[in-house]
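*Asks:* Dropping the structure in here first, questions after.
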Amino acid sequence: MENIRKNLRTRFIGRQIHYFTELGSTQELAIYMAENSQAVNGAVILAEQQDKGIGRLKSRWISPDGGIWFSIILKPLMPASKSPLLSFTAALAVCESIAQQTNLQSKVKWPNDILINHKKVCGILLDLATKGDRVEYAVIGIGINANVNIEKILPYLHDSKHSDVTVTSLKNELSGKCVDRPAFLKLLLERFELYYDRLQKDDGSSIIVNKIKDRLEYNSVTIEQGNKTIEGAIIGLGLDGSLLIKQNDGSSVEVIFGDTRTRE
Ligand code: BTN
């Protein structure tokens, strides 16, 4: 994995790669480096295994060998209001890389889980530092259960905050066949750069949002925002990455943040 830079066709994403066989959390280190100006725009922190992997809502992210665990440090030129689209950009790059490498169809569960056959194969975490309406830096953490034996993850799931979602790995969906992880990561970083460049252009948001719309799970959701709960069906996506929901009383509401729980 550490050699992927050799064939990487990107301008800045992954030009600097910090590779570890074992690390606490790539996200934690990436945030530290960004805070202390120790990394260039596009730097990637990559680990074969993490023993303190971080998931959304401060949950634990189990990261055994065989996965692809990394964080990208970005210094985007965009208003903070556009930042939810950074996770969509990563989600799109992940879905397209999965399709190209494996022919498997993946879906996006808002805001940023990637599912195959309704099971979670990848999680995306976005940490931002903002000043006024500007993003000072963003760290996107991507965890892909690539060649992970899911038996290594399943025992930890019962106490997870995402226990309504079952997990899978690419290997599991491919009936035990491994994916070429370096080739996958190379493709993913190249795709990410392509869409990230587009996102920063004026009409970039609509390109990303329209592509995500085709991959979104239009399911029923329960969204908890502080002490408020919104329940209804997803009916669309706004250009800023917000979710449009038709509530059970028939009214529509737009949701910008919050975690979704799928209702069966
Ligand atoms: C989620 O809860 O779905 C988000 C999971 C994000 C996991 C990735 S793995 C690489 C990076 N380092 C971490 O500690 N977390 C993210």
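*Asks:* Could you work out how much longer the chain between Asn227 and Ile256 gets when fully extended? Use 0.36 nm per residue separation minus the Cα distance between them, nm to one decimal.
*Replies:* The span from Asn227 to Ile256 would gain 8.9 nm if fully extended.
*Asks:* Would you kindly calculate the translational diffusion coefficient of the chain, applying Stokes-Einstein with the Kirkwood radius from alpha carbon pairs, for 20 °C and a viscosity of 1.002 mPa s, and quote it in µm² s⁻¹ without decimals?
*Replies:* D = 115 µm²/s.
*Asks:* Please rank His18, His118, fewest neighbouring Cβ atoms within 10 Å first, as an exposure proxy.
*Replies:* His118, His18
*Asks:* Step through the residues of the range 90-101 one at a time and calculate ³J(HN,Hα) from phi using the Karplus curve (6.51 cos²θ - 1.76 cosθ + 1.60, θ = phi - 60°), rounding each to whole Hz and writing x for Gly and Pro.
*Replies:* Result, rounded to whole Hz: 5, 4, 5, 4, 5, 4, 5, 5, 4, 4, 5, 7.
*Asks:* Give me the net charge for the shell around Ser97: Cβ to Cβ below 12 angstrom, other residues only, Lys and Arg +1, Asp and Glu -1.
*Replies:* Here the count lands on 0.
*Asks:* Of the listed pairs Lys213/Lys246; Lys6/Lys177; Lys152/Lys177; Lys107/Lys211; Lys107/Lys213; Lys58/Lys171, which have alpha-carbon separations greater than 19 Å here?
*Replies:* Violating the 19 Å limit, Cα to Cα: Lys6/Lys177; Lys58/Lys171.
*Asks:* Please give the peptides 76-82, 221-227 ranked by average Cβ packing (other Cβ atoms within 10 Å per residue), highest first, as a rough proxy for protection.
*Replies:* Per-residue Cβ counts within 10 Å, averaged per peptide and sorted highest first, yield 76-82, 221-227.
*Asks:* The range 21-66 to the range 74-151: how many Å between their Cα centroids?
*Replies:* 14
*Asks:* Hey, what did the range 1-85 get for relative contact order, percent, Cα under 8 Å, at least 6 apart?
*Replies:* Reported relative contact order: 29 percent.
*Asks:* Tell me, what is the percent relative contact order of the range 166-256, built from C-alpha pairs under 8 Å that lie six or more residues apart?
*Replies:* Result for the range 166-256 is 14 percent.
*Asks:* Quote the relative contact order of the chain in percent (integer), defining contacts as alpha-carbon pairs under 8 Å separated by 6+ residues.
*Replies:* 18
*Asks:* Next question. What are the semi-axes of the equivalent ellipsoid of the range 1-75, taken as the square roots of 5 times the eigenvalues of the Cα gyration tensor, listed largest first and rounded to whole Å?
*Replies:* After diagonalising the Cα gyration tensor, the semi-axes are 20, 16, 9 Å.
We did not get these values from a lab; they are worked out from the coordinates using the rules stated. This is a predicted model, so every value here is computed, not measured. A quick note on method: Cβ atoms are made from the backbone with ideal geometry, for glycine too, and the neighbour counts reach across all protein chains shown.
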